[in-house]
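Working notes, beginning with the structure itself.
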Amino acid sequence: MKKLIVGNWKMNGLASSLAEIEALKGLTGEAACDIVVCPPFTLVEKAVERARGSGIAIGAQDCHAQTSGAYTGDVSAEMLAEIGARFVILGHSERRSAYKEMDAVVAGKAAAVHGAGLVSIICVGETREERDEGRAIKVVRAQLEASIPNTATSSNTTIAYEPVWAIGTGLVPTLEQIEEIHSSIRQALEKRLGENGQGVRILYGGSVKASNAKAIFGVSNVDGALVGGASLKASEFAGIITAAA
Ligand SMILES: O=C(CO)COP(=O)(O)O
């Protein structure tokens, strides 16, 4: 399976940051993996223009479950599709914790993303406390089962395993811990989608850098990465992309 490397810019970036996409084009050329950059909403349309003609696809970091209506401040999947986004990150732990975004809400958003013809990147992951209590697999499986809508297929769904305690901390699970969770996610996907579950890419996210990417990509059932901080600078992000190739 071709690896997928996704950069999540989070709430970072003004128009001047689009130069990083330009630089990334030059650094990655004909990369042997799929590349996605997810800037804030305000830059999605401009990022699509900048990435045109390259192998870089553009995504967003959230959307609403409805196509339109009285939802002040929200953006629909259809709106994102119209401006050229192709992926949407959903259920990121920063949203799950800040907005009490529950699994059912994530599933509703994912169904909307699929309805708009886009690919959902559904995030799951345990907290430090849940891991210390030996509940990591149980928590991740429960999130997964309730966050994937019935519209999911291997071509419109990607899963990102992001242990909350590894995000932005410089801490990374051991390769054995990553393998354990990713193989459990694979089993859950096969149970849910049958053979198609084998075609869903499972990304690892949490303190991925150019220096640790190669080892992480060597773990079975790791089909790419969801990268935060290290995706903001093209040179560092390109190092991760090279490690995946
Ligand atoms: O949350 C993340 C990506 O969605 C990971 O962030 P960091 O790579 O900065 O740890």
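The values are calculated or read from the model by the stated rules, or taken from the named source; none is laboratory data. What you are looking at is a predicted structure, and each value in this text was computed from that prediction instead of being measured. With ideal geometry, Cβ positions are generated from the backbone for all residues, glycine too; neighbour counts draw on all protein chains shown. When the accessible area is computed, the model is the full protein with side chains, heavy atoms only, and any ligands, DNA or RNA have been set aside. Shrake-Rupley method; radii C 1.70, N 1.55, O 1.52, S 1.80 Å.
A few points about this structure:
- For Glu101, the requirement of being open to solvent by less than 30 Å² (accessible area, probe 1.4 Å) and without any contact (Cβ under 8 Å) to a residue 12 or more places away in the chain is met.
Results for (1) open to solvent by less than 70 Å² (accessible area, probe 1.4 Å); (2) of a type outside the set (Phe, Trp, Tyr); (3) more than 23 Å from Ala244 (Cα to Cα), shown as yes or no for each residue.
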position: Lys3; (1), (2), (3): yes, yes, no
position: Ile21; (1), (2), (3): yes, yes, no
position: Ala51; (1), (2), (3): yes, yes, no
position: Ile56; (1), (2), (3): yes, yes, no
position: His64; (1), (2), (3): yes, yes, yes
position: Phe87; (1), (2), (3): yes, no, no
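- Residues in the range 217-229 that are within 16 Å of the chain's Cα centre (by Cα) and either open to solvent by less than 40 Å² (accessible area, probe 1.4 Å) or within 15 Å of the ligand (Cβ to nearest atom) (or both): Phe217, Val222, Asp223, Gly224, Ala225, Leu226, Val227, Gly228, Gly229.
- Of all residues making up the range 180-214, the number that are open to solvent by less than 80 Å² (accessible area, probe 1.4 Å) and assigned to a helix (DSSP H, G or I): 16
- Considering each residue of the range 144-158 in turn, at least one proves to be within 16 Å of the ligand (Cβ to nearest atom) and either in contact (Cβ under 8 Å) with a residue 40 or more places away in the chain or open to solvent by less than 40 Å² (accessible area, probe 1.4 Å) (or both).
- Filter result for the condition that a residue is within 16 Å of the ligand (Cβ to nearest atom), over 13 Å from Lys3 (Cβ atoms) and surrounded by fewer than 22 Cβ atoms within 10 Å (Cβ to Cβ), over Leu232, Leu175: Leu232
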